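Everything below concerns the one structure shown next.
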2 protein chains.
Amino acid sequence: MERKRIAIVGVGLIGGSLALQLNEKGLASKLIGVDINEEHRKKALELELVDEVMNLDEAIKNSDVIVLAIPVDSVVKILPAILDKIDKQIVIDLGSTKAELISIANKHPKRGRLVATHPMWGTEYSGPQAAVHDAFENKAVIICNANESDEDALEWTKNMYKRIGMHLLEMEAVAHDLHVAYVSHISHITSFALANTVLEKEKEENAIFELASAGFESTVRLAKSNPSMWVPIFMQNRENVLDVLNEHISQLRKFKSCLEKENYEYLQELIENANKIRRIIK
Amino acid sequence: MERKRIAIVGVGLIGGSLALQLNEKGLASKLIGVDINEEHRKKALELELVDEVMNLDEAIKNSDVIVLAIPVDSVVKILPAILDKIDKQIVIDLGSTKAELISIANKHPKRGRLVATHPMWGTEYSGPQAAVHDAFENKAVIICNANESDEDALEWTKNMYKRIGMHLLEMEAVAHDLHVAYVSHISHITSFALANTVLEKEKEENAIFELASAGFESTVRLAKSNPSMWVPIFMQNRENVLDVLNEHISQLRKFKSCLEKENYEYLQELIENANKIRRIIK
């Protein structure tokens, strides 16, 4: 696989972790970092995530591949200008929502240079210092509307993801956004809301967190996630997230009703049904 | 610390893991397993969790310490009969709810022999095969209404927990039940409800779980927990759990309202507030 000069736009958790992988797997002849945050640019150099930092225009001129690892509202804002400026470069987007991005890209004559992808990996931390080695390995990456990308761009991107250990799925953008509302976005909302529930109680009960157990930690850890990343995701995927949130509230109401009516047989059934998740997560 | 003959009533996840620790730390001269489930008795012997198995009456006669690691509805049922039969033995309860237990124990002349404890450790798995080495280490254990236990019973129990690496907290039973509703019981309800939300959707969308990410797994893993353990906990802690569940649903409704009204500034605030959980869980 030919080594390329790769610009990473957004050297935070995702961009930084990808830079480490591209370097370790020998996929980059040069790694260029782009970030609007000066601290992040410094930190990315200091941590050797990238070889050098440039502004976006210089990076476009000096790279073969441009990876967009920035919040999804920024992606849709800068994508048209990037497509205007590129020639034969490959542009790879890594965002968590896809329908709006694809509809904007489809209006551009350079649409084919974009490969819209969503690697299903992340942590609740952010910034270059959150970048980790061995990220992405054995996780899924979704390629959206693959047939709208130029063949060379699609092939290189697929090979890159295979080389960093990901397994590929293809999906239409609209289906993607629905699915991730269920298997990712709602988990973040429940975690944020659970944190707020307990923090609210803490105002009266100082000692409450002395007891926090591993179960609590695992359900609430996503509540540490960065709002600059998540507010734009919820904005772009608003309708799907609302549908799932309504369903989730109605599922919680069933538990509430069982307790109110002391209907423990139905409570047992609800829990037995939930146990079927064992089929899915080992 | 004097080695004692210890009977473990309920050789499942908790009882089995404790048996391993008691053995490894040299706290037991003999470990006796008691379980109404024949498979569990066999498995506990096979896995060498205990030295032998007996029925409850024999175990009481042949032990110095009786540990109750069974669902909380069974604890309150058998506790009076156990207290009737013991002489100077120590009875240690490990259940997740305490108010009902204490009120039952307080009616018994042998109340002082009981030490009511709640080690804050567990996993979503159950049965003797779920027992693990190094459980409990560096976790908190709550001793409830410690001043109602006889001094010798309390001292031995505290020392045992220290020896297996736990840090001790003392709390009244009523306060305990309120606190655990927030930092443990609600996490299980949100996980069960999240599993049901996604499983409901799966009926229409087969591919939905191909995308399940690490974030989803951590918020939903508690949904694998055993209903025989959890229904009795929710029964006994019904009022506290209902209060927390109502608060949680109202927190979720705030997210819903932000999305409905496209009020993204308030959404940002809700998430920033949730981020304060970083203070608590690292």
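Structure notes:
- Subset tally (residues that are assigned to a loop (DSSP other than H, G, I, E, B), surrounded by fewer than 22 Cβ atoms within 10 Å (Cβ to Cβ) and of a type in the set (Gly, Ala, Ser)) for the range B:97-128: 2
- Qualifying helices (runs of 4 or more DSSP H) (wholly inside the range B:217-279; at least 3 residues being of a type outside the set (Ser, Thr, Tyr) and either in contact (Cβ under 8 Å) with a residue 12 or more places away in the chain or touching a strand residue (DSSP E or B) at 6+ places or on another chain (Cβ under 9 Å) (or both)): B:227-236, B:238-260
- In the range A:97-140, residue modelled with the highest pLDDT [restricted to those that are small (Gly, Ala, Ser) and in contact with a Pro (Cβ under 9 Å, 6 or more places away or on another chain)]: A:Ala105
- Filtering the range B:255-264 to residues that are out of contact with any Phe, Trp or Tyr (no Cβ under 9 Å at 6 or more places or on another chain), facing chain A (nearest Cβ under 9 Å) and of a type outside the set (Lys, Arg) leaves B:Glu260, B:Glu262.
- Checking each residue in the range B:36-63 for being under 21 Å from the mean Cα position of the chain (by Cα) and without any contact (Cβ under 8 Å) to a residue 60 or more places away in the chain picks out B:Ile36, B:Asn37, B:Arg41, B:Val50.
- Listed conditions (1) in contact with a strand residue (DSSP E or B) (Cβ under 6 Å, 6 or more places away or on another chain); (2) surrounded by fewer than 20 Cβ atoms within 10 Å (Cβ to Cβ); (3) aliphatic (A, V, I, L, M) are all met by A:Ala173, apart from (2).
- Being in a helix (DSSP H, G or I), outside the structural domain of B:Gly122 (by TED's automatic domain parsing), aliphatic (A, V, I, L, M) and on the phi < 0 side of the Ramachandran plot is a property that holds for B:Ala181.
- All positions within the range B:206-248 that are crowded, with 18+ Cβ neighbours inside 10 Å and touching a Pro at 6+ places or on another chain (Cβ under 7 Å): B:Met229, B:Pro232
- Considering only residues in the range B:215-241 that are of a type in the set (Gly, Ala, Ser) and at the interface with chain A (Cβ under 7 Å from one of its Cβ atoms), the one that is farthest from A:Glu272 (Cα to Cα) turns out to be B:Gly215.
- Test: B:Asn206 is at negative phi, at pLDDT below 85 and out of contact with any Cys (no Cβ under 8 Å at 6 or more places or on another chain): yes
- Residue list for the range B:226-282, filter: out of contact with any helix residue (DSSP H, G or I) (no Cβ under 7 Å at 6 or more places or on another chain) and small (Gly, Ala, Ser): B:Ser228, B:Ser250, B:Ser257
- The requirement of being facing another protein chain (nearest Cβ under 8 Å), surrounded by fewer than 20 Cβ atoms within 10 Å (Cβ to Cβ) and either in contact with a helix residue (DSSP H, G or I) (Cβ under 9 Å, 6 or more places away or on another chain) or at pLDDT 95 or above (or both) is not satisfied by A:Ala193.
- Residue within the range A:100-113 that is farther than 28 Å from A:Glu46 by Cα and within 14 Å of chain B (Cβ to nearest Cβ) present: no
- Within the range B:265-282, the residues that satisfy the criterion of being under 27 Å from the mean Cα position of the chain (by Cα) and more than 7 Å from chain A (Cβ to nearest Cβ) are B:Arg279, B:Lys282.
The values are calculated or read from the model by the stated rules, or taken from the named source; none is laboratory data. Only a predicted model underlies this, so the values are computations on that prediction, with no experimental measurement involved. All Cβ positions, glycine included, derive from the backbone under ideal geometry; neighbour counts span all protein chains shown.
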